[in-house]
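Below is one structure, written out as structure tokens, with a few remarks after it.
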Amino acid sequence: MKYLFTSLLLLSGITSFAQDTKTIKQSGNPIFQGWYADPDAAIFNSKYWVYPTYSAKYREQVFLDAFSSDDLVKWEKHPRILDTAAIKWANKAMWAPAIVQKDKKYYLFFGANDIQNDQEIGGIGVAVADKPEGPYKDHLGKPLVDKFYNGAQPIDQFVFKDKDGQYYLIYGGWKHCNIAKLNKDFSGFLPFEDGTTFKEITPDNYVEGPYMFIRNGKYYFMWSEGGWTGPDYSVAYAIGDSPFGPFKRVGKILKQDPAIATGAGHHSVIINEKKGAYYIVYHRRPLSETDGNHRVTCIDEMKFDADGMILPVKITNEGVKAQKVK
């Protein structure tokens, strides 16, 4: 009888634990398996979407995968939504996809070929599809940006939609960042009033990976600092009154935790306006890894203080709680 009673208690405890675990679902980190970096995240059709770089040697980076989720916990992989077979001018280093929906089409901006000068072929391209999971095809048949302007390598692109509906391309590596006004069909650019096409908005310590969003009328400009293969890769930010700044660096909000992971950087932000929730989606390197390409995609909460400043993000192994879009 004592044995039976003890067994029942144990069973009850296990059942209770299982119910608690089921009740409080967590995404865990990384959120999906595989070496993936530079994630761009968005919400389409009441689903969360993440578009990362396939993190491998440059010659092996010839395709892009996407991932979707109803709740930030269970993720479905959509393999090879774009590859170099569809982009004739690209042959390696497909990096940092940036997704935007416009006029019932999905546009995927990407970097390719890691060009080192204006004589090489490559830069920032645009692909288009009818669905967020693709398949995507080349929108232009050539790069959108294929040269260095203001010292910015044409990589790490982000598409920002301003309050008036105007879309901008914000991009740049090699410690320089440009902003340019996109035309209506994303086939080129519109000049600014002074006749220029590319304006530099580089803040202090900027390296790469720009990102921008609006909150309470203010423009939050974020970027990555440090070297992407090192432990000190991180994310900092500034706040301005327009997409052109000026942007004065506030400080870092995402960095390594020697007890969790290193190299936390190149991020995007999911803003669930219905829930008032902000999530930072980023890559980091597991403590067990030393290969620069061994990076995984993670998610954690991003919060603000009463003055609108971004609080330092605590990187976790648990990730975030399950959350539907609506």
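The table below lists the values:
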read-out: Residue match in the range 145-158 (condition: farther than 25 Å from Gly227 by Cα, within 22 Å of the chain's Cα centre (by Cα) and not polar (S, T, N, Q)); value: no
read-out: Extreme residue, surrounded by the most Cβ atoms within 10 Å (Cβ to Cβ), among residues of the range 68-86 that are under 18 Å from the mean Cα position of the chain (by Cα) and over 23 Å from Val320 (Cα atoms); value: Leu82
read-out: Subset of the range 202-221 (residues that are under 19 Å from the mean Cα position of the chain (by Cα) and farther than 22 Å from Asp114 by Cα); value: Met212, Phe213, Ile214, Arg215, Tyr219, Tyr220, Phe221
read-out: Any hit, the range 43-66, residues being modelled with pLDDT under 50, exposed (fewer than 15 other Cβ atoms within 10 Å of the Cβ) and either of a type in the set (S, T, N, Q) or closer than 19 Å to His267 by Cα (or both); value: no
read-out: Qualifying residue in the range 55-63 (condition: closer than 15 Å to Val126 by Cα, of a type in the set (Gly, Ala, Ser) and in a loop (DSSP other than H, G, I, E, B)); value: no
read-out: Residue check for Pro258: of a type outside the set (Lys, Arg) and either within 26 Å of Glu200 (Cα to Cα) or crowded, with 21+ Cβ neighbours inside 10 Å (or both); value: no
read-out: Filter result (among the acidic types (Asp, Glu) and farther than 25 Å from Trp49 by Cβ) within the range 278-326; value: Glu289, Asp291, Asp305, Asp307
read-out: Residue under evaluation Ser234, criteria (1) within 30 Å of Thr290 (Cβ to Cβ); (2) polar (S, T, N, Q); (3) in contact with a Phe, Trp or Tyr (Cβ under 7 Å, 6 or more places away or on another chain), criterion not met; value: (3)
read-out: Test set (1) in contact with a His (Cβ under 8 Å, 6 or more places away or on another chain); (2) under 30 Å from Asp71 (Cα atoms) - Phe186 fails condition number; value: (2)
read-out: Which numbered condition Tyr36 misses (of (1) in contact with a Pro (Cβ under 6 Å, 6 or more places away or on another chain); (2) modelled with pLDDT under 95); value: (2)
read-out: Failed item, numbered, when Lys321 is tested on (1) under 18 Å from the mean Cα position of the chain (by Cα); (2) farther than 18 Å from Ser268 by Cβ; (3) charged (D, E, K, R); value: (1)
read-out: Total residues in the range 316-326, condition over 20 Å from Phe213 (Cβ atoms) and not charged (D, E, K, R); value: 4
read-out: Flag if Ile179 is outside any loop (DSSP other than H, G, I, E, B), more than 27 Å from Ile315 (Cα to Cα), in contact with a Phe, Trp or Tyr (Cβ under 9 Å, 6 or more places away or on another chain) and of a type outside the set (Gly, Ala, Ser); value: yes
read-out: Scan of the range 87-144 for residues that are among the small types (Gly, Ala, Ser), closer than 23 Å to Tyr167 by Cβ and surrounded by 14 or more Cβ atoms within 10 Å (Cβ to Cβ), ordered by number; value: Ala90, Ala96, Ala98, Gly111, Ala112, Gly122, Gly123, Gly125, Ala127, Ala129, Gly134
read-out: Condition check for Pro231: surrounded by 15 or more Cβ atoms within 10 Å (Cβ to Cβ), of a type outside the set (Val, Ile, Thr), over 17 Å from the mean Cα position of the chain (by Cα) and at negative phi; value: yes
read-out: 2 or more residues free of Cβ contacts under 8 Å to residues at least 60 places away in the same chain: qualifying strands (runs of 3 or more DSSP E) within the range 209-326; value: 218-225, 234-240, 248-254, 261-272, 277-286
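The values are calculated or read from the model by the stated rules, or taken from the named source; none is laboratory data. No experiment lies behind these values; they were computed from the predicted model shown. Counting neighbours? That spans all protein chains shown, and the Cβs are built from the backbone with ideal geometry, glycine included.
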